[in-house]
Amino acid sequence: MVERIIDKEFQELLESLPWKWSKTYARFAPHWYVLEEDYPDVMARLRPLIAEQGKQQRFRQTTKVFTYLIIGAFKYWTMGNVLNRAAKEWY
């Protein structure tokens, strides 16, 4: 997967968000998340970037396929109104 280039200001904004640790999936799919309702401007900007520049990849050993976008040290993807991120080496 190729790392995509975005402007430094937006990358810093992403890194500064108060990401919540996903306790439910911590053992088999460790990641953090934020909700669109809390950060609609971020989602409005990131969702098209993921769709246009991201790469589709199967989630672990499942049949689910998500579109991921690597920005810096993290892999980002959406699920409905949730923006997720994980360390890129975890997946």
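The values are calculated or read from the model by the stated rules, or taken from the named source; none is laboratory data. The structure displayed is predicted, hence computed values, not measured ones. As a convention, Cβ positions derive from the backbone with ideal geometry for all residues, glycine included, and neighbour counts pool all protein chains shown.
The table below lists the values:
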item	result
Test: residue in segment 8-17 that is modelled with pLDDT of 90 or more, part of a loop (DSSP other than H, G, I, E, B), touching a helix residue (DSSP H, G or I) at 6+ places or on another chain (Cβ under 8 Å) and not aromatic (Phe, Trp, Tyr)	yes
Any strands (runs of 3 or more DSSP E) falling wholly within segment 44-91 and containing at least 1 residues that are crowded, with 20+ Cβ neighbours inside 10 Å	65-71, 74-79, 82-87
Residues located in segment 18-43, provided they are loosely packed, with under 10 Cβ neighbours inside 10 Å and at pLDDT 95 or above	PRO18, GLU37, ASP41
